[in-house]
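Shown next, in structure tokens, is the structure this report addresses.
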Amino acid sequence: MLLGVTGAGKSPTANAILGQEAFTESRTRASEEQRGRVENRNISIIDTPGFFNTHLTDEEMKKQMIKSLYLSDPGPHVFLLVINLETFREEQRNIVEKIQENFGEKAFLFTMVLFIGREKVSRREFNQIIKSEATQKILNYFEGRFHAMNSSNECGLNQIMKLLKSIDKMMKKNKGQNYSNEIYLKNQRKLKEHKRSLKKDDKRLNQEEDRMKQEQVRKGQEEKDAWKQKEGINQEEIKNKIKEKIIKADNERKQEDENKKKTEANTILDKEATTAYAPVAQYFHPKSEVCGLRQCVQRDPKDTVPVPYYEPFKDTTHTVCCIQRSFASSLKRFSVSVFNGSNGIKVSVTVCRTDTIGKLQQTVLQLRPDFIECGNLAYNGKPVQLHQTLSELQVKPGAVFITYQKCHGV
């Protein structure tokens, strides 16, 4: 029985062994048997669809492997794993898993690797391929058994006879036995039992997880009830305290914003900016309205006093100049926390008011990569967006963000 990936050259190799065009040399989609006589020896060859075949589903591929066993009844004496030296690639290194999946580990005792296209590579290249770690890993599954010959159109009867001798040597070691359907059925039963065992383990783990969640909920409720009883605070008092905190935080935010505006207005044309940008500063209107770092040099819409004329602005209707200077010294850093709602883990990070929610998430993920599944954040009971800044959200030192997962339905 010939095995291999799609396009490895199984059908041409089978024709070369039989010495006739018995198989169609195209993409094989179904298992097929052909018989012939080679040097007074009756030979039956089963060609199979290639592994990693994009034209067949996994279920269709499994059916073709079953069909190949029925065609070879009572079972093949040898599995020839055909590997083309010229097109040897990464996926062929995973083919051992496919053989085990379809025929079980017992099939390894009846498998030999057949390298074809020997004339396409030099002796040095061939030795490098054989001695490579990847190739040796494959051969170790089959006790190092392999044979190499030329491509089908360059392969003579002498090379075919050498291949048959290698197969005879392997059969002698197996005492003439063949891979049987009974071995295949045993392998399938083991696979089914393994799957059933995995399902039982999953069910047990899910039950244990549900039990732990219920226990956590129960303990949490008990602690909450005990806290209420100890402090003697009813639900209405809790709401009032929360409301007071919100009002206080809102007032502090408004006061902070007002102070910030005053500070920006007073420092926009400070000594550092005037010295660094003296050629431009003379064209700023002395009574123009401050808007961050920008000043209208054409005229202040609220003022009737003209601004000194400046030639480069002749064709403009409303020109804005920017004064750039460092404000790093005025950016105070503070600490906030991110609370993982799934497992109760809290992470503290240092941030700046100009940081965005996206940057906050990146900082948290660097510290705790396991937070990746809870990428959505909420602040003060409301979801926040990646582009929003901490200043925009009026985040205070010591604030707590809570992770959550969006519900996409069942």
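The values are calculated or read from the model by the stated rules, or taken from the named source; none is laboratory data. The model shown is predicted, which means the values in this text are computed figures rather than measured ones. Note: ideal-geometry Cβ built from the backbone for every residue, glycine included; neighbour counts use all protein chains shown. Ligands, DNA and RNA are excluded from the accessible area calculation, which covers all protein heavy atoms including side chains. Shrake-Rupley method; radii C 1.70, N 1.55, O 1.52, S 1.80 Å.
Roughly how many nanometres apart are two label points built 7 Å out from the Cα toward the Cβ at residue 334 and residue 198?
5.1 nm
In this model, which of 62/203; 10/62; 239/382; 254/346; 260/396; 245/396 are farther than 24 Å apart at the alpha-carbon?
Cα-Cα > 24 Å for 62/203; 254/346; rest within.
Considering the alpha-carbon set of the stretch 1-148 alone, what are its Rg and its Dmax in angstrom?
Both quantities, over Cα of the stretch 1-148: 14.8, 42 Å.
If Rh is defined by the Kirkwood formula over all Cα pairs and Rg also comes from Cα, what ratio Rg/Rh do you get for the stretch 351-404?
0.92
Any idea how far apart residue 260 and residue 120 come out in nm if each label point goes 7 Å out from Cα toward Cβ?
Each label point is offset 7 Å from its Cα along the Cβ direction, giving 6.7 nm.
Mind grabbing the accessible area of residue 11 for me, 1.4 Å probe, Å², rounded to tens?
Accessible area of residue 11: about 10 Å².
What ³J(HN,Hα) values, in whole Hz, does the Karplus curve 6.51 cos²θ - 1.76 cosθ + 1.60 give for the stretch 57-72 when θ = phi - 60°, with x put for Gly and Pro?
My calculation for the stretch 57-72 gives 6, 4, 5, 5, 5, 5, 5, 5, 5, 5, 4, 4, 5, 5, 5, 9 Hz in order.
Give the peptides 152-165, 14-27, 211-224 in descending order of average Cβ contacts within 10 Å, highest first.
Ranking the peptides 152-165, 14-27, 211-224 by packing returns 14-27, 152-165, 211-224.
Taking the Cα centre of the stretch 2-123 as the origin, how large is its charge dipole in debye, to the nearest 20, when only Lys and Arg (+1) and Asp and Glu (-1) carry charge on their Cβ atoms?
260 debye
For residue 146, tell me the accessible area in Å² from a 1.4 Å probe, rounded to the nearest 10.
Here the residue's solvent-accessible area equals roughly 80 Å².
Under a 5 Å amide H to amide H cut-off, with H placed in plane at 1.01 Å, what residues pair with residue 5 once short-range neighbours are removed?
Under 5 Å from the amide H of residue 5 lie the amide H atoms of 51, each far enough along the sequence or on another chain.
Karplus couplings for the stretch 163-168 from phi (6.51 cos²θ - 1.76 cosθ + 1.60, θ = phi - 60°), rounded to Hz, Gly and Pro as x?
3J(HN,Hα) across the stretch 163-168, in whole Hz: 5, 5, 5, 5, 5, 4.
Packing-wise, with mean Cβ within 10 Å as the measure, how do 44-53, 356-365 rank, highest first?
44-53, 356-365
What percentages, rounded to whole numbers, describe P(r) for the stretch 42-89 computed over all alpha carbon pairs with 10 Å bin width beginning at zero?
Cα pair-distance distribution for the stretch 42-89, in percent: 20, 47, 30, 3.
Using the Karplus equation 6.51 cos²θ - 1.76 cosθ + 1.60 (θ = phi - 60°), what ³J(HN,Hα) coupling, rounded to whole Hz, does each residue of the stretch 394-402 give in order, writing x for Gly and Pro?
6, 6, 9, x, x, 5, 10, 9, 10
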